[in-house]
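Have a look at the structure below, then the notes.
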Amino acid sequence: MSAADAFLRVEGLAQRFPAQGRGEPLTVFEGVDFSIAKGEFVCIIGHSGCGKTTILNVLAGLEKPTEGFVFMDGREVAGPGLERGVVFQGHALMPWMTVLGNVSFAVRSRWPEWSRAKVEEHCRKFIAMVGLAGAEHKKPSQLSGGMKQRVGIARAFAIEPKMLLLDEPFGALDALTRGVIQDELVKICRATQQTVFMITHDVDEAILLADRIVLMSNGPRARIAEIVRNTLPPDRTRLTLHHDPQFYRIRNHLVDFLVHRSKLIQQGAVDPSAGERRGPIEVSPGLDETEPSEQTTVASSSAEILPLQRRAAVSQPRFSTGAH
Amino acid sequence: MNSKLSLNVRAGLLSLLILAVLLGIWHVATMPAAPAGGPVANDEYAKLMGKSSAVAKSDGLPTLSQMGETVVKHLSAPFYDNGPNDKGIGIQLAHSLARVGGGYLLAVLVAIPLGFLIGMSPLVYRALDPFIQVLKPISPLAWMPIALYTIKDSAASGIFVIFICSIWPMLINTAFGVASVRKEWLNVSRTLEVSPWRKAFEVILPAAAPTILTGMRISMGIAWLVIVAAEMLVGGTGIGYFVWNEWNNLSLTNVIFAILLIGVVGMLLDLAFAQAQRIVTWRE
């Protein structure tokens with residue numbers, strides 16, 4: 001994909017905080033370049049403190065980067081707008097509104113000229129899409145965590161944005177609920193050909209959902225280490241995913257990166273942009289059949305990287321408390 | 001459910017028991033055989049007042065039956081009007097409630113928009129904070145001379161005193177409630193390009209409503225405390241004036257009745273605000 005036909009283009013993004021006292025200014029991330037094609041699903045993975053949420057907020061227009069630009073559909077992103085729907089980490093539903101109220105709050109913002117009946121009909125369609133038909137008049141306090149997150153997704157989809165930004169939307173859910181909602185998200189995204197940028201901590205989730213996976217090295221001074229192309233068939237499901245030999249190659253590549261290489265890159269031992277090229281390297285580990293087979297032992301039954309992250313934090317206490 | 005009900009029943013029974021004990025103490029303390037205070041002082045006072053000590057005794061602390069008669073008398077004709085110093089208790093109460101209502105409403109009209117402004121703008125907050133901190137602890141009655149001098153009207157001065165005492169809790173709570181509206185809700189509004197008016201009325205107001213209503217409830221409590229004192233000063237009408245007038249008449253029975261009435265009305269006002277609070281409070 002060339003930069004010209006990119007739907008979303010991110011150029012030289014950096015976030016720095018002014019120095020505290022005599023210290024050096026703190027660079028959270030720098031030199032972040034990537035692009036997303038129309039209809040593409042991109043996940044970003046990295047340890048806490050590498051600035052993933054900041055990047056997403058910059059894409060949403062909620063935060064201004066210290067350096068760099070974001071272009072969407074040929075225009076610079078200068079502030080928040082209705083053409084980008086955001087699903088927030090903590091669902092961010094208004095607790096005094098019903099499910100219908102929360103979704104219609106967004107719909108009325110998008111189409112203020114619509115009649116009440118038309119707004120409600122539109123909302124009901126999207127509430128049904130996330131499987132919450134019948135719960136329209138419930139308050140968020142009457143819903144489970146998974147249901148609340150679905151309302152958040154329905155709210156973001158209901159404004160029919162050009163692009164969807166998801167900030168770790170399933171982070172707080174149990175594995176079972178997460179799986180069900182992931183399936184639904186896959187279904188909806190394939191049906192609507194939605195362009196999606198999503199933050200996740202879950203390697204399996206990224207492989208299931210993403211067409212490409214952006215890997216961030218550890219912060220501070222984080223950057224994009226590489227972009228992993230997901231070469232699994234696009235009709236993959238949670239059931240078939242782990243039967244494909246490519247799955248383990250990609251998964252091992254990602255886990256290996258998170259446990260080991262993300263730190264080395266930060267420390268400067270490995271320089272991914274040594275070749276003086278614009279933009280990060282794109283790799284397709286799924287197609288690399290020469291990979292040594294003993295590496296598959298890294299894959300454990302649990303896909304969560306959080307324990308691994310904690311292990312990494314022991315050897316690197318400076319970043320163990322890094323916030324999102 | 002069953003045990004909760006029985007707890008309520010038991011609490012009610014205990015309340016009745018405490019009431020009976022209190023009334024019993026009252027009854028024993030006011031028995032005619034044991035007059036309150038030293039008889040010598042009473043006699044001197046009675047002579048001064050040109051009355052015999054036997055009559056004076058009935059003007060002291062009333063017995064339960066005298067109290068009961070007074071309550072029945074007042075409640076059976078609450079709205080009579082026999083001139084400036086003899087109005088029914090209902091009329092007095094209505095005057096007080098009208099003053100509280102007027103001053104309180106003015107305070108709402110000022111405190112809630114101003115509180116919104118302070119809550120939204122850290123600049124305005126810091127600029128107004130010293131004024132609020134100095135003005136807040138001033139007893140509302142201390143404003144009375146200034147009010148009487150500038151407004152030159154005792155009724156309006158009463159309303160002003162209520163205004164000045166009920167504005168602070170509302171102002172501070174509104175500012176706090178508005179300032180602590182969760183950032184994620186504001187971010188949702190920002191990404192949806194919600195207009196400032198819709199943001200104020202559909203996001204910030206409902207989000208801050210429980211805090212604002214807490215302030216309004218505190219303000220109403222203070223206003224009801226202050227009105228009695230204010231009316232004792234400005235005179236004319238109202239339940240506070242009634243208390244002072246009956247003290248001058250040495251009718252402790254009427255004073256006690258008025259005290260009870262002030263308590264009951266204050267409780268009803270508080271209950272009304274508690275109900276309103278329950279309506280606007282959201283759960284997560």
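When residue B:72 is tested against (1) more than 24 Å from residue B:219 (Cα to Cα); (2) β-branched (Val, Ile, Thr); (3) touching a residue at least 40 places away in the same chain (Cβ under 8 Å), just one condition goes unmet, and that condition is (3).
What do you reckon, is residue A:77 at pLDDT below 90, more than 15 Å from the chain's Cα centre (by Cα) and crowded, with 19+ Cβ neighbours inside 10 Å? Yes: the conditions hold for residue A:77. Looking across B:203, B:181, one residue alone is out of contact with any His (no Cβ under 9 Å at 6 or more places or on another chain), outside any helix (DSSP H, G or I) and within 11 Å of chain A (Cβ to nearest Cβ). It is B:181.
Of the listed requirements (1) more than 16 Å from the chain's Cα centre (by Cα); (2) open to solvent by 10 Å² or more (accessible area, probe 1.4 Å); (3) modelled with pLDDT of 85 or more; (4) of a type outside the set (Ser, Thr, Tyr), residue A:174 misses just one: (3).
Per this entry, residue B:207 is not counted among residues that are open to solvent by 20 Å² or more (accessible area, probe 1.4 Å) and aliphatic (A, V, I, L, M). On inspection, residue A:48 qualifies as of a type in the set (Ser, Thr, Tyr) and farther than 23 Å from residue A:163 by Cα. Pull up segment B:218-230, narrow it to residues that are crowded, with 20+ Cβ neighbours inside 10 Å and not β-branched (Val, Ile, Thr), then point me to the one that is farthest from the other protein chains (Cβ to nearest Cβ). Of everything passing the filter in segment B:218-230, B:230 is farthest from the other protein chains (Cβ to nearest Cβ). The criterion of at least 1 residues that are aliphatic (A, V, I, L, M) and within 13 Å of chain B (Cβ to nearest Cβ) is met, among strands (runs of 3 or more DSSP E) falling completely within segment A:36-139, by A:84-87. With respect to residue B:263, is the statement that it is assigned to a helix (DSSP H, G or I) and surrounded by fewer than 16 Cβ atoms within 10 Å (Cβ to Cβ) true? Yes, satisfied.
Filtered by the rule that a residue be open to solvent by less than 20 Å² (accessible area, probe 1.4 Å) and in contact (Cβ under 8 Å) with a residue 24 or more places away in the chain, segment B:177-199 gives B:177, B:178, B:181. Whether a residue is aliphatic (A, V, I, L, M), at negative phi and open to solvent by 40 Å² or more (accessible area, probe 1.4 Å) was assessed, and residue B:272 passes this test. For segment A:12-31, the count of residues that are open to solvent by less than 20 Å² (accessible area, probe 1.4 Å) and farther than 23 Å from residue B:184 by Cβ is nonzero.
The values are calculated or read from the model by the stated rules, or taken from the named source; none is laboratory data. Predicted, not measured: the structure shown is a model, and the values here were computed from it. For neighbour counting, all protein chains shown are included, and Cβ atoms are generated from backbone atoms with ideal geometry for every residue, glycine included. Just so you know, the surface numbers come from the protein's heavy atoms only, side chains and all, with ligands and any DNA or RNA stripped out. Shrake-Rupley method; radii C 1.70, N 1.55, O 1.52, S 1.80 Å.
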